[in-house]
Amino acid sequence: MTCIEDLRQVARRRVPRAFFDYAEAGSYSQQTLRANRSDLEHIKLRQRVLVDVSQRELATTILGEKVALPLALAPIGLCGMQHGDGEILACRAAQAAGIPFTLSTMSICSIEDVAQATGKPFWFQLYVMRDRGFIKALIERAAAAKCSALVLTVDLQVLGQRHCDVRNGMTVPPEIKLGNVIDIATKPLWALSIIKGKRKTFGNLAGHVKGMENVKSLAQWTNSQFDPTLSWKDVEWVRSVWPGKLILKGILDVEDAKTAAKTGAAALIVSNHGGRQLDGAPSSISALPKVVEAVGDQIEVMVDGGIRTGQDVLRALALGARSCMIGRSYIYGLGAYGQAGVAKAIEVLGKELDVTLALCGGKSLRDIDRKMIAQL
């Protein structure tokens, strides 16, 4: 496995199509999904020579905590359907690598499952749904599990349509249809990992909402719970309930960034939900510089969207991000080889960043700025 694409190809062969497509695809015509990658690739780096780069350092801080790399694993729903106990395995890999892991509200393993299996703090991502009583209880569960930050996703008031999910009839667990049965039958390693896994449905939701014990009603409840009335007042409410550090994920617009900086949140994440929500929105990397210019001195700015190489990480840091979130990059590793695959994805990105930093004449992350960009 030499790069993230190698992991992607293995995952594509090993994970059933419905779940691979769920992680891979964007919304509608996928313009924003493609822009996340193409806009990064168009940024040219400035090569420097004859600089002593024999001693290099990639460590930094995120939210004041020391990390080995300027990376965090993004919240991804249904990790446990890419590989059995996927959330636990990804969290273990991240913690072993010295970077944060973010558990999704829509995870298969529950907050308590991951906390018990890892024994170290991790981040929890929250969707604010209509049932505020349930959301308050969910926040309290995250606090009880000693989650070190709450990542509030703010760009999912309504759900963007992902055509692949509609065509695949994506359900959790997969429906017993001929196509699904044939697909799963050709992926015995995946099936075995799922059978061995702790759970087969949404661990943070099932059993915690009355009348939502079975998969079909749980899915119906989830689809009905995304809340179009969500507003900045709800951010204030979340802050009143959550005792720790708050991160706002899904900021693209400068005016929204200015409002976010006034909420008391510790950080914001420039993100378009991986191209899975508003199709036709700007790429995350193109939105990043304006957000940094507007609020970078008031709030820590992270970026999420399209990061597949260490070169991408350097590009993002050069444009002002303090750190990057990766989603698909580690999901491909998880689907390919479980915990070892996630570890390999992190290792690949770290090594690529290290070499890129050296070839741009840098010794540490403090050396990365716009001077390392040759052309935007």
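Between the residues G119, G160, G133, the greatest Cα displacement towards the positive end of the dipole of the range 106-183, with unit charges on the Cβ of Lys, Arg, Asp and Glu, is found for G133. Accessible surface ranking for R328, R13, R370, 1.4 angstrom probe, highest first: R13, R370, R328. The figure for F202 is an accessible area of roughly 30 square angstrom, using a 1.4 Å probe on the protein chains alone. Please determine, in degrees from 0 to 90 and to the nearest 10, the orientation of helix 86-97 with respect to the longest principal axis defined by the Cα atoms of the chain, where the helix direction is its Cα long axis. Computed tilt is about 20 degrees.
Rounded to the nearest 20, the Cβ-based charge dipole of the range 37-172 about its Cα centre (Lys and Arg +1, Asp and Glu -1) stands at 240 debye. Expressed as a whole percent, the accessible area of the chain that falls on carbon and sulfur atoms is 53 (1.4 Å probe).
For Kirkwood radius over Cα pairs in Å, the listed values are [x] 20.8; [y] 22.1; [z] 23.6; which was obtained by calculation from the structure presented? The value matching this structure is [x].
H163 sits with roughly 60 Å² accessible to a 1.4 Å probe, with DNA, RNA and ligands left out of the calculation.
A probe of 1.4 angstrom, applied to the heavy atoms of all protein chains, finds E255 with accessible area near 110 square angstrom. Summed over the residues of the chain and divided among them, the accessible surface reaches 43 Å² per residue at a probe radius of 1.4 Å. Angle of helix 4-14 to the longest C-alpha principal axis of the chain, folded into 0 to 90 degrees and rounded to 10: 20°. Go ahead and estimate [θ] at 222 nm for the chain from helices alone: -39,500 (n - 2.57) per DSSP H run with n ≥ 4, summed, over the residue count, rounded to 500. The per-residue figure over the chain is -13000 deg cm²/dmol.
The accessible-area ordering, largest first, of the residues Y330, Y127 stands as Y127, Y330, per a 1.4 angstrom probe. In terms of the Cα gyration tensor, with a ≥ b ≥ c the square roots of its eigenvalues, is the range 194-352 rounded because a/c is under 1.5, prolate because a/b exceeds b/c, or oblate? Oblate, since a/c reaches 1.5 and b/c is not below a/b. Decide, for the range 259-319, between rounded, prolate and oblate: order the square roots of the alpha carbon gyration tensor eigenvalues as a ≥ b ≥ c, take rounded if a/c falls under 1.5, and otherwise choose prolate if a/b is larger than b/c, else oblate. Because a/c hits 1.5 or more and a/b fails to exceed b/c, the range 259-319 counts as oblate. Scoring 268-275, 298-305, 155-162 by mean Cβ neighbours within 10 Å over their residues and listing the highest first yields 268-275, 298-305, 155-162. Take every DSSP beta bridge whose two residues both sit in the chain; close to 20 percent of them are antiparallel.
Taking a ≥ b ≥ c as the square roots of the Cα gyration tensor eigenvalues, the range 303-373 comes out prolate, since a/c reaches at least 1.5 and a/b is larger than b/c. Among I76, I111, I182, the residue with the largest mean-square fluctuation in a Gaussian network model of the chain, with springs joining Cα atoms closer than 10 Å, is I182.
The values are calculated or read from the model by the stated rules, or taken from the named source; none is laboratory data. What you see is a predicted model, and the numbers here were worked out from it, not measured in a lab. Reconstructed Cβ throughout: ideal geometry from the backbone, glycine too, with neighbour counts over all protein chains shown. In case anyone asks, the SASA skips ligands and DNA or RNA and just uses the protein heavy atoms, side chains included. Shrake-Rupley method; radii C 1.70, N 1.55, O 1.52, S 1.80 Å.
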